[in-house]
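The block underneath contains the structure these notes are about, expressed in structure tokens.
The values are calculated or read from the model by the stated rules, or taken from the named source; none is laboratory data. A quick note: this is a predicted structure, and the numbers were derived from the prediction, not measured. All Cβ positions, even for glycine, are placed from backbone atoms using ideal geometry, and neighbour counts span all protein chains on display.
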């Protein structure tokens, strides 16, 4: 059979139909999954249809399609019906399991639109999409071939299998079965290669940027005229109905540096979230700048991006020849291009410090930014912060009084009752 030209023609006809159904199902399911993931009404309305596509036997759909549309494209339609629910659920599951911390980071650094979708949202969905591709590729071929057998689609593998059965040509029947297995495996591998290539493409930050600019005109180096005081007056805040901080009053003038100190779990992070605009207070008044960049207490880097690309994602208009020297000061030349998930804890902290300092902001909030840094790297990081903070307010939480001295900062203590 392999030496017959007709074998390849028939296989290609079946491949084209099944691939067309798969492609249509994949694209439609991804779009529908996106809509269902973000709009609850879409998910509720689509649930009965998805359940029906999963519950009814494939043969029932084959008979229905044959009655309505005939046999010519039955394999394409059946491939669509089999693949759609798998990819749809993969997309919805990916959206449901997105990291809320990364979403908050994106909000802080004003990462929206296609940048956010491509480099943050889509990359978190890719493992689920890849699993869906792997699961549905083989199912697609089995269902498509079965549809061709029942529908006797002309010039198809299914038709040839039916004729082989009719004439008791067991060797021909087995040969076509082997061809289906080979085609299914090759089809799956090809789709996975495309999926992996798409993921790698999303791992490379390619946003266009200005090629001619100086550091003094970019991002965090801007000193905003007329910057206002940061002022908290009798502020109480916490989570749910319980207050973590109580009656906090503090004022930070433009260019002021403040270190917040206290025992672990006392409310330092809560106070920083209020200043950064990430947490509403239960009582009191808060006056903070519109744009605040943040070094979060836990790692908020995209693990699939390099250290350099993580910073560039937050400062898309800043030229590469400005960003890289800043990052090299804290990570060295070799550390810039390493993926975030390959960096040590201390290197991640330094990368986040650079991102916060370069971001366009009126104030910089840092939650224990020197955690995991040895003495030498801590000194380098402190010098970098002082060299680049400009006239912006700097608010840092720390357990080490020496950090306040190094940062030339006032100290604000929170006691065990959450009072300042």
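Annotations
- Complete set of residues in the range 47-64 that are surrounded by 12 or more Cβ atoms within 10 Å (Cβ to Cβ) and either over 20 Å from residue 136 (Cα atoms) or free of Cβ contacts under 8 Å to residues at least 40 places away in the same chain (or both): 49, 50, 52, 53, 54, 56, 61, 63, 64
- Residue that is surrounded by 19 or more Cβ atoms within 10 Å (Cβ to Cβ) and over 26 Å from residue 106 (Cα atoms), where the choices are 275, 248: 248
- Only a single criterion out of (1) part of a loop (DSSP other than H, G, I, E, B); (2) surrounded by 24 or more Cβ atoms within 10 Å (Cβ to Cβ); (3) touching a strand residue (DSSP E or B) at 6+ places or on another chain (Cβ under 8 Å) is not satisfied by residue 318, namely (3).
- Filtering 278, 327 for residues that are at pLDDT 90 or above and out of contact with any strand residue (DSSP E or B) (no Cβ under 9 Å at 6 or more places or on another chain) leaves a single hit, 327.
- Qualifying residue in the range 345-364 (condition: free of Cβ contacts under 8 Å to residues at least 60 places away in the same chain, farther than 20 Å from residue 315 by Cβ and outside any helix (DSSP H, G or I)): no
- Taken over the range 340-357, the criterion of being in contact with a helix residue (DSSP H, G or I) (Cβ under 7 Å, 6 or more places away or on another chain) and surrounded by 19 or more Cβ atoms within 10 Å (Cβ to Cβ) is satisfied by 340, 343, 347, 348, 350, 351, 353, 354, 355, 357.
- Scanning the range 378-420 for residues that are in contact with a helix residue (DSSP H, G or I) (Cβ under 7 Å, 6 or more places away or on another chain) and free of Cβ contacts under 8 Å to residues at least 40 places away in the same chain yields 382, 385, 406.
- Some residue of the range 15-27 being over 16 Å from residue 143 (Cα atoms) and surrounded by fewer than 16 Cβ atoms within 10 Å (Cβ to Cβ): yes
- Matching residues, the range 278-288, being under 23 Å from residue 105 (Cβ atoms) and not in a strand (DSSP E or B): 278, 279, 280, 281, 288
- Residue within the range 116-129 that is within 23 Å of residue 15 (Cβ to Cβ), in contact with a helix residue (DSSP H, G or I) (Cβ under 8 Å, 6 or more places away or on another chain) and in contact (Cβ under 8 Å) with a residue 12 or more places away in the chain present: yes
- Members of the range 112-164 found to be outside any helix (DSSP H, G or I) and buried (at least 18 other Cβ atoms within 10 Å of the Cβ), listed by number: 153, 156
- Screening the candidates 337, 360, 376 for the property of being over 22 Å from residue 399 (Cβ atoms) and surrounded by fewer than 18 Cβ atoms within 10 Å (Cβ to Cβ) yields one hit, 337.
- Of note, residue 184 does not satisfy the criterion of being surrounded by 19 or more Cβ atoms within 10 Å (Cβ to Cβ) and modelled with pLDDT of 90 or more.
- Those residues of the range 289-309 which are assigned to a loop (DSSP other than H, G, I, E, B) and at pLDDT 90 or above, in sequence order: 291, 296, 297, 298, 299, 300, 301, 302, 303, 304, 305
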